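Chemist: Sharing a structure here in C-alpha coordinates format.
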Amino acid sequence: MPKTKENKKIVVVNQAANYLTIGLCNAFAQRVETVELITGSIHVQGEELDPSIGVSNINKWVERPAYKKLLSYLWACVQIYGLLLFRYRKYEVFFISLPPMAYLMSVALPNRCSMLIWDVYPDIFKVTGMEESHPIYRIWAKLNRVAFRRAYKLFTIGGKMKTLLSQYVEPERIRVTPIWSIFQSNGKVEKEDNPFVEKHGLIDRFVVQYSGNIGLTHNVEVMVQLAELMKNHEEILFQIIGRGPRVPHLKSLVEDKALPNCQFLPFQSDEMFPYSLSAADVGVVILDEATSKGSVPSKSYNLMSYGIPALYVASDDSELHDYATKYNHARCVPHDKLEEAVNFILALKEDKQLHEKYAQNAQRASKNYRRSNADKIVAQYLSSDA
(Lines give C-alpha, C1' and ligand atoms only; values in the text may rest on other atoms or scores of the structure.)
Protein backbone atom coordinates (compact mmCIF):
# COMPACT_ATOMS: atom_id res chain seq x y z
CA MET A 1 0.00 0.00 0.00
CA PRO A 2 1.34 3.48 -0.87
CA LYS A 3 2.84 5.43 2.06
CA THR A 4 1.27 8.69 0.90
CA LYS A 5 -2.31 9.27 -0.18
CA GLU A 6 -3.22 10.77 -3.49
CA ASN A 7 -4.33 14.38 -3.40
CA LYS A 8 -7.84 13.76 -4.63
CA LYS A 9 -11.37 14.45 -3.43
CA ILE A 10 -13.84 11.62 -4.01
CA VAL A 11 -17.54 11.55 -3.16
CA VAL A 12 -19.34 8.20 -3.28
CA VAL A 13 -23.10 8.23 -3.97
CA ASN A 14 -25.49 5.52 -2.77
CA GLN A 15 -28.89 6.24 -1.26
CA ALA A 16 -28.79 3.02 0.79
CA ALA A 17 -25.21 2.33 1.90
CA ASN A 18 -24.50 -1.25 2.97
CA TYR A 19 -21.38 -3.29 3.67
CA LEU A 20 -20.34 -3.05 0.01
CA THR A 21 -20.54 0.75 -0.02
CA ILE A 22 -18.72 0.95 3.31
CA GLY A 23 -15.97 -1.35 2.06
CA LEU A 24 -15.49 0.72 -1.08
CA CYS A 25 -15.47 4.02 0.84
CA ASN A 26 -12.93 2.65 3.30
CA ALA A 27 -10.76 1.37 0.45
CA PHE A 28 -10.81 4.86 -1.08
CA ALA A 29 -9.97 6.40 2.30
CA GLN A 30 -6.77 4.34 2.46
CA ARG A 31 -5.58 5.74 -0.86
CA VAL A 32 -7.15 9.20 -1.22
CA GLU A 33 -6.86 12.35 0.92
CA THR A 34 -10.56 13.26 1.07
CA VAL A 35 -13.50 10.85 0.84
CA GLU A 36 -17.16 11.78 1.36
CA LEU A 37 -20.37 9.77 1.16
CA ILE A 38 -23.82 10.94 0.05
CA THR A 39 -26.43 8.57 1.44
CA GLY A 40 -29.85 8.26 3.02
CA SER A 41 -28.92 5.43 5.38
CA ILE A 42 -25.91 3.40 6.48
CA HIS A 43 -26.39 -0.26 7.35
CA VAL A 44 -23.31 -1.55 9.13
CA GLN A 45 -22.69 -5.29 8.86
CA GLY A 46 -19.26 -6.03 10.25
CA GLU A 47 -17.10 -3.27 8.77
CA GLU A 48 -17.58 0.23 10.21
CA LEU A 49 -17.32 3.34 8.08
CA ASP A 50 -13.94 5.03 8.51
CA PRO A 51 -14.50 8.05 10.83
CA SER A 52 -12.45 10.25 8.48
CA ILE A 53 -15.20 9.92 5.84
CA GLY A 54 -17.70 12.77 5.88
CA VAL A 55 -21.38 11.97 5.31
CA SER A 56 -24.01 14.14 3.62
CA ASN A 57 -27.50 12.89 4.38
CA ILE A 58 -30.34 12.73 1.87
CA ASN A 59 -33.78 11.13 2.14
CA LYS A 60 -33.99 7.43 2.88
CA TRP A 61 -34.89 4.84 0.27
CA VAL A 62 -38.46 3.53 0.61
CA GLU A 63 -39.05 -0.08 -0.43
CA ARG A 64 -42.80 0.00 -1.03
CA PRO A 65 -45.37 0.82 -2.21
CA ALA A 66 -43.95 1.32 -5.69
CA TYR A 67 -45.05 4.93 -6.07
CA LYS A 68 -43.37 5.91 -2.80
CA LYS A 69 -40.20 4.10 -3.87
CA LEU A 70 -40.18 6.10 -7.12
CA LEU A 71 -40.81 9.36 -5.25
CA SER A 72 -37.96 8.56 -2.85
CA TYR A 73 -35.67 7.98 -5.83
CA LEU A 74 -36.67 11.20 -7.56
CA TRP A 75 -36.34 13.36 -4.44
CA ALA A 76 -32.96 11.77 -3.71
CA CYS A 77 -31.84 12.65 -7.25
CA VAL A 78 -32.80 16.29 -6.68
CA GLN A 79 -30.83 16.35 -3.42
CA ILE A 80 -27.83 14.55 -4.92
CA TYR A 81 -27.73 16.87 -7.92
CA GLY A 82 -27.80 19.93 -5.68
CA LEU A 83 -24.99 18.58 -3.48
CA LEU A 84 -22.82 17.64 -6.45
CA LEU A 85 -23.41 20.95 -8.18
CA PHE A 86 -22.54 23.07 -5.17
CA ARG A 87 -20.96 21.35 -2.12
CA TYR A 88 -19.05 18.76 -4.14
CA ARG A 89 -18.45 20.53 -7.44
CA LYS A 90 -14.66 20.09 -7.09
CA TYR A 91 -14.95 16.40 -6.20
CA GLU A 92 -14.70 13.36 -8.42
CA VAL A 93 -17.96 11.40 -8.20
CA PHE A 94 -18.38 7.62 -7.86
CA PHE A 95 -21.98 6.43 -8.35
CA ILE A 96 -23.21 3.11 -6.92
CA SER A 97 -26.59 1.38 -6.95
CA LEU A 98 -29.31 3.76 -5.69
CA PRO A 99 -31.15 5.67 -6.96
CA PRO A 100 -30.76 3.49 -10.07
CA MET A 101 -30.98 6.53 -12.35
CA ALA A 102 -28.56 8.71 -10.34
CA TYR A 103 -25.53 8.03 -12.54
CA LEU A 104 -27.41 9.55 -15.48
CA MET A 105 -26.79 12.93 -13.81
CA SER A 106 -23.23 12.66 -15.07
CA VAL A 107 -24.58 13.78 -18.45
CA ALA A 108 -25.24 17.25 -16.99
CA LEU A 109 -22.54 17.52 -14.30
CA PRO A 110 -19.16 19.23 -14.71
CA ASN A 111 -17.54 16.71 -12.32
CA ARG A 112 -15.40 13.76 -13.36
CA CYS A 113 -17.83 10.89 -12.85
CA SER A 114 -17.40 7.13 -12.56
CA MET A 115 -19.86 4.37 -11.79
CA LEU A 116 -20.07 0.80 -10.50
CA ILE A 117 -22.99 -1.00 -12.15
CA TRP A 118 -24.62 -3.73 -10.04
CA ASP A 119 -27.91 -3.96 -11.96
CA VAL A 120 -28.21 -3.03 -15.62
CA TYR A 121 -30.95 -0.53 -16.42
CA PRO A 122 -33.12 -0.15 -18.44
CA ASP A 123 -32.70 -3.84 -19.34
CA ILE A 124 -33.95 -4.92 -15.93
CA PHE A 125 -37.33 -3.34 -16.72
CA LYS A 126 -38.02 -6.24 -19.07
CA VAL A 127 -39.15 -8.25 -16.05
CA THR A 128 -42.19 -5.95 -15.86
CA GLY A 129 -42.99 -6.63 -19.51
CA MET A 130 -41.59 -3.30 -20.71
CA GLU A 131 -40.60 -3.42 -24.36
CA GLU A 132 -37.47 -1.79 -25.76
CA SER A 133 -39.76 0.49 -27.74
CA HIS A 134 -41.22 2.01 -24.56
CA PRO A 135 -40.32 5.73 -24.21
CA ILE A 136 -38.73 5.27 -20.77
CA TYR A 137 -36.61 2.39 -22.06
CA ARG A 138 -35.50 4.30 -25.17
CA ILE A 139 -34.65 7.50 -23.27
CA TRP A 140 -32.73 5.62 -20.56
CA ALA A 141 -30.81 3.66 -23.18
CA LYS A 142 -29.84 6.86 -25.01
CA LEU A 143 -28.69 8.48 -21.76
CA ASN A 144 -26.68 5.33 -20.96
CA ARG A 145 -24.71 5.76 -24.16
CA VAL A 146 -23.86 9.35 -23.26
CA ALA A 147 -23.15 8.69 -19.56
CA PHE A 148 -20.98 5.63 -20.15
CA ARG A 149 -19.07 7.31 -22.97
CA ARG A 150 -18.31 10.29 -20.72
CA ALA A 151 -17.47 8.17 -17.65
CA TYR A 152 -13.94 8.41 -16.31
CA LYS A 153 -14.02 4.77 -15.17
CA LEU A 154 -16.84 2.27 -15.61
CA PHE A 155 -17.02 -0.87 -13.46
CA THR A 156 -19.33 -3.86 -13.33
CA ILE A 157 -19.30 -7.10 -11.36
CA GLY A 158 -19.33 -9.89 -13.95
CA GLY A 159 -18.55 -10.93 -17.50
CA LYS A 160 -22.20 -11.37 -18.53
CA MET A 161 -23.00 -7.91 -17.23
CA LYS A 162 -20.08 -6.53 -19.21
CA THR A 163 -21.55 -8.13 -22.31
CA LEU A 164 -24.91 -6.53 -21.59
CA LEU A 165 -23.33 -3.11 -20.98
CA SER A 166 -21.38 -3.40 -24.23
CA GLN A 167 -24.51 -2.45 -26.15
CA TYR A 168 -24.05 1.05 -24.70
CA VAL A 169 -20.27 1.51 -24.70
CA GLU A 170 -17.11 -0.10 -26.09
CA PRO A 171 -16.36 -3.26 -24.07
CA GLU A 172 -12.73 -2.25 -23.52
CA ARG A 173 -14.00 0.67 -21.43
CA ILE A 174 -15.65 -1.68 -18.92
CA ARG A 175 -13.70 -3.10 -15.96
CA VAL A 176 -14.95 -6.28 -14.30
CA THR A 177 -14.40 -6.70 -10.57
CA PRO A 178 -16.72 -8.95 -8.52
CA ILE A 179 -18.29 -7.83 -5.27
CA TRP A 180 -17.80 -9.72 -2.03
CA SER A 181 -19.52 -11.47 0.84
CA ILE A 182 -20.58 -9.93 4.14
CA PHE A 183 -18.62 -12.77 5.71
CA GLN A 184 -14.87 -12.95 5.18
CA SER A 185 -14.49 -16.43 6.65
CA ASN A 186 -16.62 -19.51 7.21
CA GLY A 187 -18.58 -18.80 10.38
CA LYS A 188 -21.21 -21.45 9.77
CA VAL A 189 -22.80 -22.73 12.98
CA GLU A 190 -23.65 -26.43 13.11
CA LYS A 191 -27.32 -27.27 13.53
CA GLU A 192 -26.97 -28.78 16.99
CA ASP A 193 -25.47 -25.50 18.28
CA ASN A 194 -27.72 -23.17 16.30
CA PRO A 195 -30.41 -21.19 18.20
CA PHE A 196 -32.28 -20.44 14.95
CA VAL A 197 -32.52 -24.18 14.23
CA GLU A 198 -33.75 -24.86 17.76
CA LYS A 199 -36.32 -22.04 17.68
CA HIS A 200 -37.90 -23.20 14.41
CA GLY A 201 -37.61 -26.96 14.94
CA LEU A 202 -35.24 -27.60 12.06
CA ILE A 203 -32.86 -30.13 13.59
CA ASP A 204 -34.35 -33.06 11.63
CA ARG A 205 -35.25 -31.13 8.50
CA PHE A 206 -33.30 -30.74 5.28
CA VAL A 207 -33.66 -27.00 4.71
CA VAL A 208 -33.86 -25.54 1.22
CA GLN A 209 -33.69 -21.83 1.93
CA TYR A 210 -34.40 -18.63 0.03
CA SER A 211 -33.36 -15.57 2.03
CA GLY A 212 -33.61 -12.07 0.63
CA ASN A 213 -35.86 -9.55 -1.05
CA ILE A 214 -39.07 -10.83 -2.59
CA GLY A 215 -39.59 -8.31 -5.35
CA LEU A 216 -40.43 -8.17 -9.03
CA THR A 217 -37.10 -9.54 -10.30
CA HIS A 218 -36.84 -12.50 -7.93
CA ASN A 219 -39.65 -14.85 -9.01
CA VAL A 220 -39.76 -16.59 -5.61
CA GLU A 221 -42.84 -18.48 -6.83
CA VAL A 222 -40.23 -21.05 -7.85
CA MET A 223 -39.89 -22.03 -4.18
CA VAL A 224 -43.61 -22.79 -4.02
CA GLN A 225 -43.41 -24.80 -7.25
CA LEU A 226 -40.53 -26.86 -5.83
CA ALA A 227 -42.38 -27.38 -2.56
CA GLU A 228 -45.38 -28.68 -4.52
CA LEU A 229 -43.23 -31.02 -6.60
CA MET A 230 -41.63 -32.39 -3.41
CA LYS A 231 -44.61 -32.33 -1.05
CA ASN A 232 -44.28 -36.08 -0.43
CA HIS A 233 -40.78 -35.58 1.00
CA GLU A 234 -41.86 -34.41 4.46
CA GLU A 235 -38.31 -34.19 5.76
CA ILE A 236 -37.46 -31.45 3.22
CA LEU A 237 -38.54 -27.93 4.18
CA PHE A 238 -38.70 -25.00 1.77
CA GLN A 239 -37.96 -21.94 3.84
CA ILE A 240 -38.65 -18.41 2.54
CA ILE A 241 -37.08 -15.62 4.57
CA GLY A 242 -37.55 -12.00 3.58
CA ARG A 243 -39.93 -9.24 2.67
CA GLY A 244 -41.34 -7.65 -0.43
CA PRO A 245 -44.50 -7.01 -2.42
CA ARG A 246 -44.95 -10.64 -3.46
CA VAL A 247 -45.09 -12.14 0.05
CA PRO A 248 -48.91 -12.04 0.43
CA HIS A 249 -49.31 -13.64 -3.00
CA LEU A 250 -46.84 -16.40 -2.14
CA LYS A 251 -48.53 -17.14 1.17
CA SER A 252 -51.87 -17.34 -0.63
CA LEU A 253 -50.40 -19.83 -3.12
CA VAL A 254 -49.11 -22.03 -0.30
CA GLU A 255 -52.49 -21.95 1.44
CA ASP A 256 -54.39 -22.75 -1.76
CA LYS A 257 -52.11 -25.69 -2.48
CA ALA A 258 -52.14 -26.82 1.19
CA LEU A 259 -48.37 -27.24 1.28
CA PRO A 260 -47.09 -28.25 4.74
CA ASN A 261 -43.45 -28.14 3.61
CA CYS A 262 -43.21 -24.38 3.03
CA GLN A 263 -42.29 -21.94 5.81
CA PHE A 264 -42.31 -18.11 5.74
CA LEU A 265 -40.18 -16.02 8.09
CA PRO A 266 -39.45 -12.29 8.20
CA PHE A 267 -35.99 -10.85 7.58
CA GLN A 268 -33.72 -11.82 10.44
CA SER A 269 -31.75 -9.32 12.53
CA ASP A 270 -28.06 -8.79 11.76
CA GLU A 271 -27.30 -10.75 14.93
CA MET A 272 -29.46 -13.71 13.87
CA PHE A 273 -28.53 -13.67 10.18
CA PRO A 274 -25.39 -15.87 10.54
CA TYR A 275 -27.51 -18.46 12.34
CA SER A 276 -30.37 -18.39 9.83
CA LEU A 277 -27.94 -18.71 6.93
CA SER A 278 -26.18 -21.58 8.72
CA ALA A 279 -29.49 -23.46 8.91
CA ALA A 280 -29.60 -23.90 5.13
CA ASP A 281 -28.61 -27.25 3.66
CA VAL A 282 -29.15 -25.77 0.20
CA GLY A 283 -29.31 -22.06 -0.55
CA VAL A 284 -31.54 -20.90 -3.40
CA VAL A 285 -30.80 -17.91 -5.63
CA ILE A 286 -33.43 -16.98 -8.20
CA LEU A 287 -33.27 -14.60 -11.14
CA ASP A 288 -36.04 -13.86 -13.57
CA GLU A 289 -35.15 -15.09 -17.06
CA ALA A 290 -35.49 -11.55 -18.43
CA THR A 291 -32.87 -10.15 -16.04
CA SER A 292 -30.43 -13.04 -15.61
CA LYS A 293 -27.64 -11.25 -17.45
CA GLY A 294 -28.19 -7.97 -15.68
CA SER A 295 -27.83 -8.91 -12.02
CA VAL A 296 -25.89 -11.04 -9.53
CA PRO A 297 -27.52 -11.25 -6.07
CA SER A 298 -25.06 -10.69 -3.22
CA LYS A 299 -26.55 -13.69 -1.38
CA SER A 300 -24.62 -15.87 -3.85
CA TYR A 301 -21.36 -14.85 -2.21
CA ASN A 302 -22.66 -15.29 1.34
CA LEU A 303 -23.63 -18.88 0.54
CA MET A 304 -20.16 -19.53 -0.89
CA SER A 305 -18.50 -18.07 2.20
CA TYR A 306 -20.42 -20.41 4.50
CA GLY A 307 -19.78 -23.43 2.31
CA ILE A 308 -23.45 -23.96 1.49
CA PRO A 309 -24.30 -25.75 -1.78
CA ALA A 310 -26.50 -23.57 -3.96
CA LEU A 311 -29.37 -24.04 -6.36
CA TYR A 312 -29.38 -21.27 -8.95
CA VAL A 313 -32.62 -20.85 -10.87
CA ALA A 314 -31.55 -18.75 -13.83
CA SER A 315 -30.96 -18.93 -17.56
CA ASP A 316 -27.91 -20.53 -19.17
CA ASP A 317 -26.62 -17.11 -20.24
CA SER A 318 -26.47 -15.81 -16.66
CA GLU A 319 -23.45 -15.08 -14.47
CA LEU A 320 -24.83 -17.62 -11.99
CA HIS A 321 -24.66 -20.37 -14.62
CA ASP A 322 -21.02 -19.49 -15.26
CA TYR A 323 -20.29 -19.63 -11.51
CA ALA A 324 -21.89 -23.07 -11.19
CA THR A 325 -19.93 -24.38 -14.16
CA LYS A 326 -16.64 -22.86 -13.06
CA TYR A 327 -16.67 -23.84 -9.39
CA ASN A 328 -19.00 -26.89 -9.28
CA HIS A 329 -20.43 -25.62 -6.00
CA ALA A 330 -23.97 -25.22 -7.31
CA ARG A 331 -26.42 -26.37 -9.94
CA CYS A 332 -28.00 -23.85 -12.28
CA VAL A 333 -31.33 -24.78 -13.83
CA PRO A 334 -33.71 -22.73 -15.98
CA HIS A 335 -37.23 -22.03 -14.75
CA ASP A 336 -38.80 -24.53 -17.13
CA LYS A 337 -36.68 -27.46 -15.93
CA LEU A 338 -37.46 -27.62 -12.22
CA GLU A 339 -37.39 -31.44 -12.29
CA GLU A 340 -33.60 -31.05 -12.55
CA ALA A 341 -33.69 -28.95 -9.40
CA VAL A 342 -35.74 -31.63 -7.63
CA ASN A 343 -33.20 -34.30 -8.58
CA PHE A 344 -30.34 -32.07 -7.40
CA ILE A 345 -31.95 -31.44 -4.01
CA LEU A 346 -32.68 -35.15 -3.52
CA ALA A 347 -29.14 -36.10 -4.51
CA LEU A 348 -27.64 -33.69 -1.96
CA LYS A 349 -29.98 -34.94 0.74
CA GLU A 350 -29.34 -38.62 0.14
CA ASP A 351 -25.58 -38.45 -0.51
CA LYS A 352 -23.66 -36.78 2.32
CA GLN A 353 -20.36 -37.11 0.47
CA LEU A 354 -21.80 -35.30 -2.53
CA HIS A 355 -23.15 -32.56 -0.25
CA GLU A 356 -19.74 -32.20 1.35
CA LYS A 357 -18.06 -32.00 -2.06
CA TYR A 358 -20.29 -29.11 -3.10
CA ALA A 359 -19.78 -27.44 0.29
CA GLN A 360 -15.99 -27.59 -0.03
CA ASN A 361 -16.14 -26.27 -3.59
CA ALA A 362 -18.26 -23.36 -2.37
CA GLN A 363 -15.67 -22.54 0.27
CA ARG A 364 -12.89 -22.57 -2.32
CA ALA A 365 -14.95 -20.37 -4.65
CA SER A 366 -15.52 -17.83 -1.86
CA LYS A 367 -11.83 -16.93 -1.86
CA ASN A 368 -12.44 -15.02 -5.09
CA TYR A 369 -15.07 -12.80 -3.44
CA ARG A 370 -13.32 -11.18 -0.50
CA ARG A 371 -13.23 -7.62 0.79
CA SER A 372 -9.92 -7.18 -1.06
CA ASN A 373 -12.01 -6.76 -4.23
CA ALA A 374 -12.85 -3.25 -2.99
CA ASP A 375 -9.14 -2.47 -2.92
CA LYS A 376 -8.86 -3.78 -6.50
CA ILE A 377 -11.62 -1.43 -7.65
CA VAL A 378 -9.88 1.53 -6.06
CA ALA A 379 -6.50 0.50 -7.51
CA GLN A 380 -8.03 0.34 -10.98
CA TYR A 381 -9.73 3.68 -10.44
CA LEU A 382 -6.45 5.32 -9.49
CA SER A 383 -4.45 3.67 -12.26
CA SER A 384 -3.34 5.93 -15.09
CA ASP A 385 -4.73 3.74 -17.89
CA ALA A 386 -7.83 5.10 -19.59
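Chemist: Sticking with the crude label model, points 7 Å out along Cα→Cβ, report the distance from Asp193 to Ile139 in nm, one decimal please.
Modeler: 5.6
Chemist: Please report the equivalent ellipsoid semi-axes of segment 1-154, computed as sqrt(5 x eigenvalue) of the Cα gyration tensor, largest first, in whole Å.
Modeler: Values: eigenvalues 147, 65, 39 Å².
Value: 27, 18, 14 Å, ordered largest first.
Chemist: Calculate how large, on average over all directions, the projected area of the Cα convex hull of segment 294-386 is; give the answer in nm² to one decimal.
Modeler: Its average projected convex-hull area is 7.1 nm².
Chemist: Need the full-extension length gain, Ser185 to Lys8, defined as separation in residues times 0.36 nm minus the C-alpha distance. One decimal, nm. Let's see the in-between values first.
Modeler: Values: separation 177, 0.36 × 177 = 63.72 nm, distance 3.29 nm.
Gain on extension, Ser185 to Lys8, equals 60.4 nm.
Chemist: How many times 2.2 N^0.38 Å is the alpha carbon radius of gyration of segment 7-63?
Modeler: This ratio for segment 7-63 stands at 1.06.
Chemist: Sticking with this structure for a sec: Considering just Cα atoms, how many Å³ per residue does the convex hull of the chain enclose?
Modeler: Normalising the Cα hull of the chain by residue number yields 140 Å³.
Chemist: How much accessible surface area, in Å² rounded to 10, belongs to the heavy atoms of Ile203 with a 1.4 Å probe?
Modeler: Taking all protein chains as shown, Ile203 has close to 90 Å².
Chemist: At what distance in angstrom do the alpha carbon centres of segment 109-129 and segment 147-179 lie from each other?
Modeler: Each part's Cα centre sits 11 Å from the other's.
Chemist: While we're looking at this one, here's another question. Taking the simple approach of a point 7 Å from Cα along Cα-to-Cβ for both His43 and Leu265, what is their distance in nm?
Modeler: Label-label distance for His43 and Leu265, simple model: 1.7 nm.
Chemist: At a probe radius of 1.4 Å, what is the per-residue accessible area of Asp351, in Å² to the nearest 10?
Modeler: The value for Asp351 is about 70 Å².
Chemist: Once you keep just the Cα pairs under 8 angstrom separated by 6 or more residues, what percentage relative contact order results for the chain?
Modeler: After rounding, I find 15 percent.
The values are calculated or read from the model by the stated rules, or taken from the named source; none is laboratory data. Because the structure is a prediction, the values reported are computed rather than measured. Glycine also receives a Cβ, built like all others from the backbone with ideal geometry; neighbour counts cover every protein chain displayed. Ligands, DNA and RNA are stripped out before the accessible areas are found, and what is left, the full protein with its side chains, is counted by its heavy atoms. Shrake-Rupley method; radii C 1.70, N 1.55, O 1.52, S 1.80 Å.
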